[in-house]
Amino acid sequence: MSLRLRLLLGPPSSLIAQILTVSSLIALISGALSLSNLLSTMSCGAECLKYAVLVNALSNEFGGLFQAWLIPVWAVLAVSMYLVSLNSSRTLRGMMSTIASIGGRERRIAVLFLTRQLILSTVGLLLGTSLGLVVAQIGLRAAVILGSAPYEVPVLMPIDVLTLSALVYGAAILGSLATMRRIIRGSFAGGVQQ
């Protein structure tokens, strides 16, 4: 692995912990979104007539529950992503001050830091949405086996993916703005962390 990439990613243990934190939060939300989408778009034809009461009851119950908790869940994701971004900047301060003290340009250091935040967000988003869909599918298959209801594949709507992406990337960038401002002003020069 090149030195630039090692500096960009920082300590592997902290990077893995941050990716797992982000992806687990996104997995919970994407799983719930996919089940909510499934209940609202269930189309299994004549087979569903047998289960129409059950499908409608579940759809109404989950839809109401999901709508009631939608704002707090998105807020938790945004705050968590913001805090992961702040933690990421804290773990990389030593590396950034070292690069600044050996003559690295501030804008270059800021670009390295922002690139790391975007990599962290992208990997967390990809892993989280995949895990969320898998967990939703496992849960739905278990319900189908236990209740002998028709099976449909849970999916995420494009607007859900766009909303998740905007929230994750926005919170990551907001969490790194204070650190990037310090980098550009030169507060890390000479190893001094202010």
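See the values below:
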item	result
Relative packing of 127-135, 6-14, which averages over residues the other C-beta atoms within 10 Å, highest first	127-135, 6-14
Stretchable slack from R181 to R107, in nm (0.36 nm times residue separation minus alpha-carbon distance)	25.7 nm
Computed label-point distance, nm, for sites L70 and R141 using a 7 Å Cα→Cβ extension	3.0
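We did not get these values from a lab; they are worked out from the coordinates using the rules stated. Given the structure is predicted, the values throughout are model-derived calculations rather than measurements. Ideal geometry is used to build each Cβ from the backbone, glycine not excepted, and the neighbour counts take in all protein chains shown.
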